[in-house]
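Take a look at the structure set out below.
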Amino acid sequence: MYNFIQKFHSGWAYLALLLLVITVVNSVIGMVSKKEFTAKDRKIALFGLIFAHVQLLVGLILYFVSPLGKDSLGQMSDATARLTSLEHPLINIIAIVLITIGWSKHKKSTTGESKFKTISIFYGLGLLLILARIPWHLWLNKM
């Protein structure tokens with residue numbers, strides 16, 4: 001069960017990151033070109049939100065069934081263990097919170113430009129945080 005969840009978390013990450021990148025690029029283009037915010041733009045942002053939340057949920061399940069989660073307090077001196085057991089989950093929770101705030105705030109905006117700007121900022125910050133705390137050495141070795 002643990003191995004399946006771990007592989008699913010790693011594989012789903014590609015989709016979640018791709019959708020977040022597409023969302024950020026789409027919103028930056030929309031903001032710069034001052035185009036109207038359409039249903040297509042809303043769906044792109046919504047799918048980015050959904051895929052990020054699924055990734056977080058699977059990651060939390062993985063954290064609590066893995067040996068890393070159970071022994072995390074004793075591993076703070078080891079940088080690799082600290083990244084996977086503390087920094088990665090904590091920073092990614094913060095990133096998903098930012099993405100969720102961006103989704104909520106964009107719904108209250110009245111103009112297309114402000115909707116694109118809100119999504120660009122919050123989803124962009126969330127994406128940067130996620131990219132900063134991915135354990136790249138573990139993830140790329142599995143390829």
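The values are calculated or read from the model by the stated rules, or taken from the named source; none is laboratory data. None of the values given here were measured: they were computed from a predicted structure. A quick note on method: Cβ atoms are made from the backbone with ideal geometry, for glycine too, and the neighbour counts reach across all protein chains shown. For the accessible areas, the whole protein counts, side chains as well, though only heavy atoms, and no ligand, DNA or RNA atoms are used. Shrake-Rupley method; radii C 1.70, N 1.55, O 1.52, S 1.80 Å.
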**Item:** Gain on full stretching of the segment that runs from Tyr14 to Thr80 - 0.36 nm per residue minus C-alpha separation
**Value:** 21.6 nm
**Message:** Step by step: find N for the chain, compute 2.2 N^0.38 Å, then divide the Cα radius of gyration by it. What's the final number?
**Reply:** 1.14
**Item:** Residues in segment 85-99 reached by a label modelled at Val21 [backbone nitrogen below 20 Å; 7 Å Cα→Cβ]
**Value:** 92, 95-96, 99
**Asked** Between Glu36 and Val65, what is the FRET efficiency for a Förster distance of 35 Å, r being their Cβ-Cβ separation, to the nearest 0.05?
**Response** 0.15
**Request:** Give the residues of segment 24-62 whose amide nitrogen is closer than 17 Å to a point set 7 Å from the Cα of Val97 in the direction of its Cβ.
**Result:** 53, 56-57, 60
**Message:** Which of Thr38, Thr100, Thr80 ends up with the largest GNM mean-square fluctuation for the chain, with Cα atoms connected below 10 Å?
**Reply:** Thr38
**Fill in**
Taking protein heavy atoms only, a 1.4 Å probe, and rounding to whole percent, the accessible area of the chain owed to carbon and sulfur comes out at 73 percent
**Message:** 7 Å from Cα along Cα→Cβ at both Ile29 and Leu131: what's the point-to-point distance in nm?
**Reply:** 1.7 nm
**Accessible area of Val25 in the full protein assembly, 1.4 Å probe (Å², nearest 10)** = 80 Å²
**Message:** Between Glu87 and Gln6, what is 0.36 nm times their sequence separation minus the Cα-Cα distance? Round to one decimal in nm.
**Reply:** 27.4 nm
